[in-house]
Every structure is written in C-alpha cells, then in structure tokens.
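The values are calculated or read from the model by the stated rules, or taken from the named source; none is laboratory data. Because the structure is a prediction, the values reported are computed rather than measured. Counting neighbours? That spans all protein chains shown, and the Cβs are built from the backbone with ideal geometry, glycine included. Just the protein is used for accessible areas: all its heavy atoms, side chains included, with ligands, DNA and RNA removed. Shrake-Rupley method; radii C 1.70, N 1.55, O 1.52, S 1.80 Å.
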Amino acid sequence: MTDAAPFIPGLMQDRPLLISSMLDYAAIYHPGREIVSRAVEGGIHRTSYGVARERAMRVAAALQAYGIRRGDRIGTLAWNTHRHFELFYGISGMGAVLHTVNPRLFEDQIQYIVRHGADRLLFVDPTFLPIVRRLLLHAPSVEAVILLGEASAEDREGLDGLIDYEDWIAAQPPIVGWPVLDERAASALCYTSGTTGDPKGVLYSHRSTVLHAFAAAQKSAMNIGCDDAIIAIAPMYHANAWGMAYIAAMTGAKLVLPGPRNDAENIVGLINDEGVTFACGVPTIWTNVLEHLRITGGTLPTLDRTTIGGSAVSPAMIDALAAHGVRTLHLWGMTEMSPLGVVATVTPEVAAMDAETRARQLTKQGRAQYGVELKIVDEEQRTLPHDGKAAGALWVRGPWITSAYYRREDEPLLDAEGWFPTGDIATIDPLGYMQITDRAKDIIKSGGEWISSIELENAVVAHPDIAIAAVIGVPDPRWEERPLLIVQLSEGREVSEGDIRAFLDGRVARWWVPERIEFTAAMPLTATGKIKKTALRELYAAPVHATGEAAE
Ligand code: AMP
C-alpha cells in the first residue's frame, strides 16, 4: 500500500553542499580572521580568510587557464601552510580533485600513489624537490610542477620547467564566483598507507566533507567556534588535517599552521604566541610537547583542549596534559572516515560521576557523533551487546565513510547492509562510549587468552621515566604468542627491565607482564607519526623462550 502512495517532494531549496561555500562564509562573516603559518622560508606569515578566498579563486582561475577539467587529480606535496590552505579550496572549488600526497611515505609508495591517482599537476614545497626529481621519472601523468616557495639553484637542478606559484596565480584575475558543482562530485583524494599491499585511495566528495565539518564542529565533538584559535598539527596530508581547514572556515575560527616544523619548540611557541585554544594531533606529538615543557619549565596558558587520536592516548598523557590545564578529547577515526568516528566528550551521566570514575571513562575513545553508526560483531558476524565487556570487530556506516577505494570500485568492501569493516577490535559500554582494545592484527593471543597491546602500553607509559612504549606479539612455542615490550625512555632517565616489571606488578594481570623488554633510543614511527609495529616486528619477531618458561 505504501509503495503505491505518491511521492511528495519537500519544498526546500536544493542547494548543494560545496567546499567552496565554507570559504565564502568565512570571507563574508569573518574576513579579517587570521590564518597564521610558520612559513617554509622561515618566519611567520599572516593572512586572513578574505585574502585567502581571493587567492584560492586565483588558483581556480590559473587551473582553468591551464586546461584542468573537473575531476582531474592535482597532487600536493606540502606542509601545513596558508598556500596549502588556498589549494584545498582553489582545487576542489573549481571541480578538480585535491590529492594530498604524504611526503613521509617511502618513495616507491609516493610514486605508486601519484601514478595511481594520475595527477596532472603537482604543487610542491621546496623541501620536497629531491623527492619530486625522482618521482617525475616514474609518474608520466605529471605535466608540470608548481613550486610553492623559494628554491636554490641547486634544488632546482634537473627541474627546468618549474613554475613559480606566486607568479602563476598573479597572472590570472580571480574567477568570478565558484562553479555550482554536484555535491556528490569527488573533491579530494587521500591514500592510506596500509601495512601490507599497495596504498588505497579514499575519494571524498563535497557533500561528505561539508557534513563531516558540521559534525566535527559540534559540542559533542570538538566544540569549535569563532572565538577559538585552532592549531592544525595533524598534517594536511593525513585525512585533510582531520578536517581542520574546513572546520576552521565553516566556524570562522582563527587557524594556525605549523609549516615545516612539527617539533615541540615550534608547536609550543605558536600555541603561546597566537593564543591557541584548540589543537589536534597524534600522541607522539604530545609526548614531545610534554617532554619539552618538562625540560624548559614551559606552560600552555591559553590551550583549553586538544583532540588526540590516530593511536590510543594513554591515561598518563591525559593526566600530564590536565596538569597543564589542557583537556584531552580522545578521538578515534580513520582516513576512510574523513576521519571522525568517535570523541570522548562528557555527557550529563559522565559529568555526574565522581572525578576518578569520570577520568577513567574519558580515557575511552568516545561516543559516536550523529551521522556515524557503530556495531561490534563476533567471529560469526553476530552483533554483540553494548555492555562494555564484549569485544568484537568494529564496523561503521555513515555519509562521510568510504564505500569503496579509488579505482578498486569493483572490489566489494561493505557488507550487505552497507557497513565498513574498520579492522579494529572494540567494546561499547551502555553509555555509548567505544573503546578500542586493539587493531585486529596487533592483538596478542597468549595461552588462548587475549592480551590488549593498548592496555599494556598504557600501563607502561604511566611510569614517569618512560616516554613511549610499544607491545608486539612474538611467537612462543608454549603460549602461542607472548607480548614483547619495547620502550623509549624520557631524555636523561634510566630504568631497568626489573624496574619496569616491578612497576607493572599489580597494574596488569601477572601473565601479561612481558618476559622480554627491549630499549630503543628512537621508536620507529610511520609516515603519520604512529608507532610502526611492522618495523618492530621485523626487528624483534624471532621466537624466544624456546624452553617455554614464558608465563610461569
Ligand atoms: P589512519 O587512517 O592512518 O588514521 O588510521 C586509522 C586507524 O588508526 C584506526 O583504524 C585505528 O586502528 C587507529 N586509531 C585511530 N585513532 C585511534 C585511537 N584513538 N585509539 C586507538 N587506535 C586509533
């Protein structure tokens, strides 16, 4: 009966959700709000949304004049700067696809990505010219390279046709108004560096990007407004700096960009000089910042809160930031999710808890935003309860979550009901807080029981002299697998294996305590600043304890 009922369309305006509209809004309602960058040339660069819009429209005009068509991929190998910000809007705004290439990947991966994306143009910071020189030999689609800053004659060697960005955009008047695109059109492309196989391209749309920015700015997530000053520490090539370039414009917040330097001195300096209230970044950034503050006696008087994600945040880090007056908003997401999935913000039920229970609750990854659906399932794909105990494979669904990888559209990715498998293992508690227990491939099975590498790492970094800890599973003849702990000590500190075991006593189950502990001076990190467990496995995965005395 209902099928036969006539369709009555709503009578609301069908205005497309376009990326360009966010910058238009910022330029009309917050024209003078600043975008402050640590310039690649050195020093601080200041501009505003009003000026950035004009320059983004020049980028669009120059791309059109060059002959770039809608849907063409345009690569960037660039730091977080005002120029990269202009490209975010100029490229997507004129209908082309912004392809942010992660310059920290292995060069063969960079070459693969640019070839696979078939980028026609590359916008490049001078730092990356050596990579580009080799890249051009392997990426025939690239017609021209546009240089975003000054480069020495030596850096330019072998790159005769380099175009100067400032001359290039100065040569065109800005376009007169942005084109009205289909909101479902592709806007940006970002490859995830899978630990196995080729990198996979996540192709965002205008619609997914705008909806994601709306959700991320909400109080239940980042709670961003025009009285905030945001520092986007997450790189623009890591899930579009977690949406910061869009969220800042949409809300009219001041935007601070750390340029080529993610060192703690630069980050702390920018936060304090620019009155930053909100930050985002992976845990390793904050490890360095906290170490820097400890050594220098520095403070962060204006910083109110920071989202931290990309890897699990330890309770010790949350406490250390709280001691500086900074609230941690634990965030979990993925490149495939634009990246926002869940954020640990406070509900009235959590606010009513005693301080200790509340603090423990907020160490979880957090609650889903409106727009993100979560489910956990067992090995038979049966849905598990949200009781905070049952751990299962985490699947997600929503309008800013990928449905397929770029140019692999014929490989089925979702289940029959449209859910995407995250590869993470999680619990969800009755209050809706999700907690990641492990990446499926990192979880350790010892004597038939699971050991959460995240929980063990968190227990270890509670030690005041340990900066970073990583736990991997190593084969064991008796227990199948045992945890192996690798630690990086805080600068100038000494800790023995025995000290660490004694510290863990009573903090984790006795059979979780690793027999083998290794010390490293520099933890290997991935191109997005996470602990590189694949490298640790290569270094340490040889079986130990052939006698099988492991968990005795
Ligand atoms: P990427 O796409 O590189 O950002 O990687 C996404 C993956 O990072 C997720 O599937 C998780 O395994 C991991 N991840 C992100 N945020 C967190 C977090 N807060 N806690 C634990 N793992 C995380």
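So here's what we get for this one:
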| quantity | calculated |
| --- | --- |
| Accessible area of segment 209-250 divided out per residue, in Å², using a probe of 1.4 angstrom | 22 Å² |
| Measure of compaction for segment 204-257 (Cα Rg per 2.2 N^0.38 Å) | 1.03 |
| Within the accessible area of segment 415-477 (1.4 Å probe), percent carbon and sulfur | 54 percent |
| Two-decimal log10 I(q)/I(0) for segment 362-471, as the Debye equation yields it once each C-alpha is a single scatterer, q = 0.14, 0.18 Å⁻¹ | -0.67, -0.99 |
| On Cα atoms only, tilt of 107-117 relative to the major axis of the chain in degrees | 50 degrees |
| Solvent-accessible area per residue for segment 410-552 (1.4 angstrom probe, square angstrom) | 47 Å² |
| P(r), alpha carbons of segment 428-508 - 10 Å bins starting at zero, rounded % | 17, 42, 31, 9, 0 |
| Rounded tilt (10° steps) of 283-296 against the dominant C-alpha axis of the chain | 80 degrees |
| Within-14-Å neighbourhood charge of A186 [Cβ basis; K, R +1; D, E -1] | +1 |
| Rounded to 5, percent antiparallel among DSSP beta bridges of the chain | 55 percent |
| Cα centroid separation, segment 282-300 to segment 29-85 (Å) | 30 Å |
| Extension gain from K532 to S496, taking 0.36 nm per residue of separation minus the Cα-Cα distance | 10.6 nm |
| Coarse-grained scattering of segment 154-211 at q = 0.22, 0.23, 0.24, 0.25 Å⁻¹, given as base-10 log I(q)/I(0) from a Debye sum over alpha-carbon atoms | -0.90, -0.91, -0.92, -0.94 |
| Heavy atoms of W400: accessible area, 1.4 Å probe, square angstrom to 10 | 10 Å² |
| Of K200/K375; K200/K364; K219/K254, pairs whose Cα-Cα distance is over 22 Å | K200/K375; K200/K364 |
| With every protein chain in place, segment 46-111: carbon and sulfur % of accessible area (1.4 Å) | 45 percent |
| For segment 119-185 versus segment 456-475, the gap between their alpha-carbon centres in whole angstrom | 43 Å |
| Dipole axis of segment 366-469 (+1 Lys, Arg; -1 Asp, Glu on Cβ), positive-most option in I444, P412, V461 | P412 |
| Low-density loop cleavage sites - trypsin sites (Lys or Arg not before Pro) in segment 1-79, where at most 12 other Cβ are within 10 Å (DSSP) | R69 |
| Neighbour net charge for T534 - beta-carbon separation under 14 angstrom, K R +1, D E -1 | +4 |
| Neighbourhood net charge (12 Å Cβ-Cβ; Lys/Arg +1, Asp/Glu -1) for I318 | +4 |
| Protection proxy ranking of 454-465, 167-178 - average other beta-carbon atoms within 10 Å, highest first | 454-465, 167-178 |
| Gain on full stretching of the segment that runs from R327 to E379 - 0.36 nm per residue minus C-alpha separation | 15.1 nm |
| Scaled radius of gyration (Cα, divided by 2.2 N^0.38 Å) that segment 286-402 gives | 1.22 |
| Inverse of mean 1/r across different Cα pairs in the chain, Kirkwood, Å | 24.7 Å |
| Spin-label model distance (nm) - I28 vs E449, 7 Å beyond Cα toward Cβ | 6.2 nm |
| Cβ charges +1 (Lys, Arg) and -1 (Asp, Glu), total dipole of segment 173-307, debye | 280 debye |
| Low-density loop positions, GluC sites (Glu not before Pro), segment 106-158 - DSSP coil, at most 14 other Cβ in 10 Å | E143, E150, E157 |
| Rounded percent of accessible protein surface that carbon and sulfur make up, segment 248-361, 1.4 Å probe | 54 percent |
